[in-house]
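Reading through the structure tokens given below for one structure.
The values are calculated or read from the model by the stated rules, or taken from the named source; none is laboratory data. Since we're looking at a predicted model, the values are computed, not measured. Here the Cβ positions follow ideal geometry from the backbone for every residue, glycine too, while neighbour counts run over all protein chains shown.
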Amino acid sequence: MKVFKTPFQKTGFFSDLITDYLDKAKSLQPYYGNFPDLTGFRKQIDEKNKSFSSTAREVLIAALNEQYADVIVSEQTLGNLESLAAENTFTITTGHQLNLFTGPLYFLYKIISTINLCEELKRNFPAFNFVPIYWMASEDHDFEEIKFFNFKGVKFQWNSQQTGGVGRFNTEGLSEVLSVFEKYIGTSKNAEFLHQLFEKAYVKHTNLAAATRYIANELFGAYGLVVIDGDDVNLKRQFVPYVLKELDDQTSYKQVSSTINALEKSYKIQVNPREINLFYLTESFRERIIVENGVYKVKNKDISWNKEELMAHVRLFPERFSPNVIMRPLYQEVILPNLCYIGGGGELAYWFELQAYFKEVSIPFPILLLRNSVQILSQKQLHKAQKLHISLEELFLKQNDLVKKKIKELSKITVDFTEQKKVLHSQFNTLREVATKTDVSFLGAVNAQEVKQNKGLINLEKRLLKAEKRKHKDVVARIVALQNDVLPNQGLEERQRNFSEYYLEYGPNFIDALKESLHPLDSQFITLVL
């Protein structure tokens, strides 16, 4: 195993907002609290310790004990569950949708980042305990996003007509997916593990939340991972005051809108708040709550209340009120003794919109940490890149740019006309000086001619490059084939491939290698050669 590190900023796959955060840009500092370093964590411990009550701990422990009642857990997870009763125990949390068979690879990277951060914090702050939490997005209703996974270019999809929160979906129909999947993975020892993992999760559990918990426990129970399902009446009861405030005052809309007005001057906005950022959740649907002329309604349903009726309904049935992307982070921080949220670039982008909202409702804003990202390379792929003189940083270039760069390096003639363009510009600057001293009306003709001749040079450069590509077509084909193999659809593999591809080849050593290689406080993109 070899590990290579590349600054996130040099991969070209992360937004200006994220790279500015990693660089601690002053423009972004108003939108987050403590920075993800040891100094920041020391401060965060103090802040959370002052705000998280013993009653909240008792409710959390009772809810988790109920959720784990029928689950076989490791000694490590059991120890972490028990440690949550102590006031010196804090959590580090990541969240993810209930993607079929974990979905894209970064599911693993999120969780391992969370586990490894807990271990690092324990080494640096031995007086405290740190529990890794995987928050299942069980209330999400976007089934289209989670109903499939990719294996070696083949899409395995679950067809179901169920609606509502996906965690409640029964697993009917997934045995058919397994019967197709098993034909592709063979009969090796690693294939048998994947077969059993899928079968025990989806065929022997009755709903998607329980199946997903099973998979997470099987893969990461040895490291003490605790899985939490927010679709829980006891946990929701803790959140009632914030739901009532939202319905009465539209707090999140006001605060987040104000933040967005400032943030959008420099960055792309990830999500926009609704006037009410809550859904109404039942066994069969999850629909937005809206207000029209003082009447509260469930969108697309014949359900309505006046304000007093709705407030009473919240107190009686808190489990029916589901936070959306704007309020879910607050729900998490209300019910957990949490210090840090670990997520991808897109997730952190919407968290940056929320700090003012958290401040308004007097809940500590967590530290935000960009999860580890990983590119897996085989020894064969690394050897090919080296033979083509492609560095690991270059491997992430856009394909046209990569090919162009390598052709220029290979070519025995100069394919780059930059110097000629500079000479041309200098010559026209002289002509412009003459025009201003003689006939200013001549200036427009001079500028037009410069544009024309510059276009001519650009076209000649393109034709020369095209000719050189034909001359080195074998090398171009090898470059394209290598990059297409490494970056499916010209994107990071972690967003498309499933862990089963690598588990089939490397078995448990794959997860061991990730566990050893990922260092969440070291903001670097990892290339792992296996």
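Restricting the first member to the stretch 69-87 and to residues that are modelled with pLDDT of 95 or more, and the second to residues that are in a loop (DSSP other than H, G, I, E, B), the beta-carbon pairs closer than 7 Å and six or more apart or on different chains are Gln76/Gly224; Thr77/Gly224; Thr77/Leu225; Gly79/Gly224; Asn80/Gly224; Leu81/Tyr68.
For the stretch 21-33, the condition of being surrounded by fewer than 16 Cβ atoms within 10 Å (Cβ to Cβ) and more than 30 Å from Asn261 (Cα to Cα) holds for none of the residues. Scanning the stretch 399-424 for residues that are surrounded by 13 or more Cβ atoms within 10 Å (Cβ to Cβ) and either at pLDDT 75 or above or of a type in the set (S, T, N, Q) (or both) returns Gln399, Leu402, Val403, Lys404, Lys405, Lys406, Ile407, Lys408, Ser411, Gln420.
Picking from residues in the stretch 268-281 that are at pLDDT 95 or above and buried (at least 18 other Cβ atoms within 10 Å of the Cβ), the one that is farthest from Asn300 (Cα to Cα) is Pro273.
Between Glu308, Glu353, Glu333, Glu319, the distinction of being acidic (Asp, Glu) and more than 28 Å from Pro132 (Cβ to Cβ) belongs to Glu308 only. Every condition in (1) at negative phi; (2) in contact (Cβ under 8 Å) with a residue 12 or more places away in the chain; (3) small (Gly, Ala, Ser) holds for Gly103 except the one numbered (1). Suppose we keep only residues that are buried (at least 17 other Cβ atoms within 10 Å of the Cβ) and touching a residue at least 60 places away in the same chain (Cβ under 8 Å) within the stretch 286-310. Which one would you say is farthest from Asp142 (Cα to Cα)? Out of the qualifying residues, it is Leu310. Each residue in the stretch 25-59 was checked for being among the hydrophobic types (A, V, I, L, M, F, W, C), part of a helix (DSSP H, G or I) and over 26 Å from Leu81 (Cα atoms), and 1 pass.
Identification of helices (runs of 4 or more DSSP H) wholly contained in the stretch 452-530 with 1 or more residues that are surrounded by 14 or more Cβ atoms within 10 Å (Cβ to Cβ) and modelled with pLDDT under 85 yields 473-486.
So which residues in the stretch 174-192 are within 16 Å of Lys204 (Cα to Cα) and either surrounded by 12 or more Cβ atoms within 10 Å (Cβ to Cβ) or more than 31 Å from the chain's Cα centre (by Cα) (or both), if there are any at all? Hits for the stretch 174-192 are Leu174, Ser175, Val177, Leu178. Specify which of the listed residues (Ile363, Ile390, Ile303) is in the same structural domain as Glu120 (by TED's automatic domain parsing) and of a type outside the set (Gly, Ala, Ser). Exactly one of Ile363, Ile390, Ile303 is in the same structural domain as Glu120 (by TED's automatic domain parsing) and of a type outside the set (Gly, Ala, Ser), namely Ile363. Taking the criterion of being outside any helix (DSSP H, G or I) and in contact with a Phe, Trp or Tyr (Cβ under 7 Å, 6 or more places away or on another chain), the residues of the stretch 173-213 that qualify are Gly173, His205, Asn207. In the set Ala209, Ala191, only one residue is more than 30 Å from Asp485 (Cα to Cα) and not β-branched (Val, Ile, Thr); that residue is Ala209. Filtering Val291, Val314, Val325 for residues that are closer than 26 Å to Ala356 by Cα and part of a strand (DSSP E or B) leaves a single hit, Val291.
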